[in-house]
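Laboratory data are not the source of any read-out in this text; all were calculated from the coordinates shown. Remember, it's a predicted structure, so these values are computed and weren't measured experimentally. For neighbour counting, all protein chains shown are included, and Cβ atoms are generated from backbone atoms with ideal geometry for every residue, glycine included.
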Amino acid sequence: MTALTANAVRSNRAGGTVVGWAVRGGHAELTVRDTGPGIAPEHLDRPFTPFDRRWRA
């Protein structure tokens, strides 16, 4: 979760990043929303991998 959050903040140069969490149905839910370019479809398999910089602009 730290890698996902850090990547969202670091990759979002022209907007904002909002990180939140909630407990729903006894489970924790983390949300990360930003106005950055997003993750390319071919790299969606690794958004939680630390130090994965393949898709960074």
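What the table shows:
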item: Cβ pairs under 6 Å, 6+ apart, first in region 1-21 and without any contact (Cβ under 8 Å) to a residue 24 or more places away in the chain and small (Gly, Ala, Ser), second in a strand (DSSP E or B) and loosely packed, with under 11 Cβ neighbours inside 10 Å; result: Gly20/Thr31
item: Hits in region 8-28 - residues which are in contact with an Asp or Glu (Cβ under 8 Å, 6 or more places away or on another chain), surrounded by 10 or more Cβ atoms within 10 Å (Cβ to Cβ) and outside any loop (DSSP other than H, G, I, E, B); result: Ala8, Val9, Ser11, Thr17, Val18, Trp21
